[in-house]
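Nothing in this text is a laboratory measurement; each read-out follows from the coordinates by a stated rule. Note that the structure is predicted; figures quoted are calculated from it, not measured. Note that each Cβ is placed from the backbone with ideal geometry, even for glycine, and that neighbours are counted across all protein chains shown.
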Amino acid sequence: MKSYRKELWFEVPTRRAFINITSEVEACLRESGIKEGLILVNAMHITASVFINDDESGLHLDYEEWLERLAPHAPVSQYKHNIGEDNADAHMKRQIMGREVVVAVTNGKLDFGTWERIFYGEFDGKRKKRVLVKIIGD
Ligand code: ZN
């Protein structure tokens, strides 16, 4: 069995963003040489997510509004976590959108449904953050 590990780095200039990272993950898969196995992609920070969904800009705006209704950023004083920081909402948004995805690798490709794409969800940006890509298989 082969094993491959890589960190993808992001520095989002805004507080929140959704970034399609499918092509970066596919590049990792090509580099690994693995044809059959599993790929794990996870955010290495507790205020960022990795998730799979549609690459459709209206949906991403809907997510932004939905998350902001569930866990509004302001007023920051509404959260007990915000003693000396202001990112309690980002921890909650990350919890809802998830830490990681696992995708089957078949015939050297991500074995996706038709509209599935992998996204990095940033909820407390303007600093460098990492995503781990781990691939195992043959
Ligand atoms: Zn925090």
Listed residues G121, G84, G98; largest mean-square fluctuation, Gaussian network over the chain with Cα springs below 10 Å, found at G84
Partner aspartates and glutamates for K6 [C-alpha distance under 14 Å; skip if fewer than 8 residues away on the same chain]:
E24, E26, E31
So what are the ³J(HN,Hα) numbers for region 126-135, from phi and the Karplus equation (6.51, -1.76, 1.60; θ = phi - 60°), rounded to whole Hz, Gly and Pro as x?
6, 7, 6, 9, 10, 10, 8, 10, 10, 10
Under 14 Å Cα-Cα from K129, which aspartates and glutamates qualify once same-chain neighbours fewer than 8 residues away are excluded?
E7, E11
If contacts are Cα pairs under 8 angstrom and at least 6 residues apart, what is the relative contact order of the chain in percent?
55
Only helices counted: for the chain, with every DSSP H run of 4 or more residues adding -39500 (n - 2.57) and the sum spread over all residues, [θ] at 222 nm is -8000 deg cm²/dmol
Can you tally the net charge around K109? Count Lys and Arg as +1, Asp and Glu as -1, for every other residue whose Cβ sits under 13 Å from the Cβ of K109.
-2
Loop-only check: which trypsin sites (Lys or Arg not before Pro) in region 1-108 are DSSP coil with at most 14 other Cβ within 10 angstrom?
K35, K80
Ascending count of other beta-carbon atoms within 10 Å, so fewest first, for I52, I118
I52, I118
Lysines with Cα under 16 Å of K35, excluding same-chain neighbours fewer than 8 positions away
K2, K109, K134
Please compute, over every Cα-Cα pair in region 2-137, the percentage with a separation greater than 19 angstrom.
51
Among I34, I136, rank each residue by its count of other Cβ atoms within 10 Å, from fewest to most, as a rough exposure measure.
I136, I34
When S77, S49 are ordered from fewest to most other Cβ atoms inside 10 Å of their Cβ, what list results?
S77, S49
Which net charge results for the neighbourhood of L40, defined as the other residues with beta-carbon distances under 9 angstrom from its beta-carbon, given Lys and Arg at +1 and Asp and Glu at -1?
0
